[in-house]
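Structure record follows, encoded as structure tokens.
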Amino acid sequence: MTPILQTQSNAGDFLVNYTAKDPSTIDSELVEALASGGGPDAVIIPDSKVIPHQNIFLTIPFSSYPERTFKDAFVDDTESLVSSTGIRAIPLLIDPLVMYWNRDLYSAAGVVQPPKLWSEFYTLAPKISTYDSTLKLSKSLVALGDAHNVPHFKQILLTLAQQAGGPDFLNAQATAIETPLASALRFYTQFSNPSLKAYSWNTALPNAQNAFLSSTLATYFGFASELPELQRKNANLNFDMAPLPQTDGSTQAQTYGTLTAYAIVKSSKHLAEAFNFGVKLSGSDYDSQLSRSIGAAPIRRDLLSKPIQDAFSPVVYAAAIAARGWLDPSPEQTDKIFTTMVDDAVSNRQSNDDAASRADDELQSLLSQTSSAASARAAQ
């Protein structure tokens with residue numbers, strides 16, 4: 001039976017017991033707690049955990065949370081949380097991928113503005129990247145081309161693929177030359193190829209965030225929520241934030257965004273209360289406070305239309321509006337697929353096209369398996 005959940009006209013007060021969990025163990029702990037007859041009424045999780053656990057979470061029917069209400073309240077990127085029958089989870093925050101750039105390194109090369117297009121990195125690399133006769137890099141323009149010391153390499157590749165082929169890039173029609181994923185991989189790996197002028201990165205270098213903090217990396221792609229950490233770890237670092245670059249000829253800005261969502265556990269004995277609290281938590285007052293507390297962006301359209309007047313919020317808010325995430329069917333498995341793709345292409349074990357083609361097939365298969373499993377559970 002589909003539950004009927006009611007919102008309160010007067011939200012009232014809630015007594016909520018909140019327990020923080022280690023992200024690396026929350027999956028197993030949640031499953032074990034529910035198996036033993038316990039477990040929470042709701043959880044706050046990244047959107048990447050919604051699909052893997054969709055058999056655990058309640059899909060809120062449109063009769064309780066109309067789709068029109070959802071669309072009017074939240075940015076476009078949240079529509080990945082909407083299924084054909086209802087709302088998979090209530091969005092709370094969005095953390096967009098942005099570009100951090102070192103003012104001193106750019107200025108020393110005579111460059112006064114960070115790149116707005118990906119193609120600009122080709123001409124900037126010889127100006128900023130510095131290496132000796134053994135190809136040992138002492139300064140790098142950008143951390144692209146590796147799967148092990150670039151913290152958000154999968155998200156960067158997803159953004160490049162989506163910019164090339166749209167949100168459904170796996171099904172996008174290939175150009176006469178390559179698929180969107182192959183295009184993303186080709187661009188990405190050029191910066192770790194020492195035979196090219198774009199050479200700026202290699203696997204022997206430290207983690208990209210650490211390199212940026214030590215002023216040996218001029219450009220770092222990170223999430224907006226990393227800003228306080230960067231400021232805390234090196235208070236003397238002269239850096240700024242800018243939007244993620246776009247492809248040549250693009251007419252609409254696009255970046256990657258990670259959602260934080262509130263999911264109701266379907267076995268909860270307090271479904272209505274859990275729903276009412278989720279609606280309240282995603283309201284303007286709470287959303288504004290939550291976003292400020294962790295440095296991410298609010299998820300609501302009404303709040304994003306009025307950015308806080310500081311140096312960084314206008315960039316973060318604009319990136320949140322432009323963000324397009326990807327409802328990852330299995331973060332662990334897709335991490336392996338993307339890592340293998342990059343490693344094979346960089347080491348020449350496979351051509352760029354072959355590595356991307358295999359990854360494309362594996363991702364399609366994984367998505368198909370996830371969809372089939374979800375349909376089977378829904379029919380039970």
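The values are calculated or read from the model by the stated rules, or taken from the named source; none is laboratory data. This structure is a prediction, so every number in the text was calculated from the model and none was measured. A quick note on method: Cβ atoms are made from the backbone with ideal geometry, for glycine too, and the neighbour counts reach across all protein chains shown.
Some points to look at:
- Sub-9 Å Cβ pairs linking a first residue in the stretch 320-337 that is part of a strand (DSSP E or B) to a second residue that is surrounded by fewer than 16 Cβ atoms within 10 Å (Cβ to Cβ), at least 6 apart or interchain, are ALA323/ASP76, ordered by first then second residue.
- Unmet requirement for PHE223, which otherwise passes all of (1) surrounded by fewer than 17 Cβ atoms within 10 Å (Cβ to Cβ); (2) over 24 Å from ARG186 (Cβ atoms); (3) not charged (D, E, K, R): (1)
- Number of the condition not met by ASN207 [criteria: (1) touching a residue at least 60 places away in the same chain (Cβ under 8 Å); (2) under 17 Å from VAL342 (Cβ atoms)]: (1)
- Set side by side, the residues THR85, THR59, THR78 differ, and just one is within 17 Å of ASP287 (Cα to Cα), of a type in the set (S, T, N, Q) and at pLDDT 85 or above, which is THR78.
- Pairs, first free of Cβ contacts under 8 Å to residues at least 24 places away in the same chain in the stretch 113-135, second of a type outside the set (A, V, I, L, M) and surrounded by 15 or more Cβ atoms within 10 Å (Cβ to Cβ), C-beta under 6 Å, six or more apart: THR130/LYS139
- Candidates TYR122, TYR131: the one that is under 22 Å from PRO243 (Cβ atoms), surrounded by fewer than 22 Cβ atoms within 10 Å (Cβ to Cβ) and not assigned by TED's automatic domain parsing to the domain that holds ALA42 is TYR122.
- Among all positions in the stretch 88-102, there is no residue which is assigned to a helix (DSSP H, G or I), among the aromatic types (Phe, Trp, Tyr) and under 28 Å from ALA322 (Cα atoms).
- Qualifying positions in the stretch 12-34 - without any contact (Cβ under 8 Å) to a residue 12 or more places away in the chain and closer than 26 Å to THR85 by Cα: none
- Count of the stretch 288-310 residues, restricted to those that are free of Cβ contacts under 8 Å to residues at least 40 places away in the same chain and either closer than 24 Å to LEU157 by Cβ or not in a helix (DSSP H, G or I) (or both), is 6.
- Number of residues in the stretch 248-283 that are more than 16 Å from TYR18 (Cα to Cα) and aromatic (Phe, Trp, Tyr) equals 1.
- Applying the condition of being closer than 11 Å to ALA263 by Cβ and among the polar types (S, T, N, Q) to the stretch 36-64 and asking which residue is farthest from the chain's Cα centre (by Cα) yields THR59.
- Residue within the stretch 139-149 that is closer than 28 Å to ASP335 by Cβ, assigned by TED's automatic domain parsing to the domain that holds ALA184, of a type in the set (Ser, Thr, Tyr) and assigned to a loop (DSSP other than H, G, I, E, B) present: no
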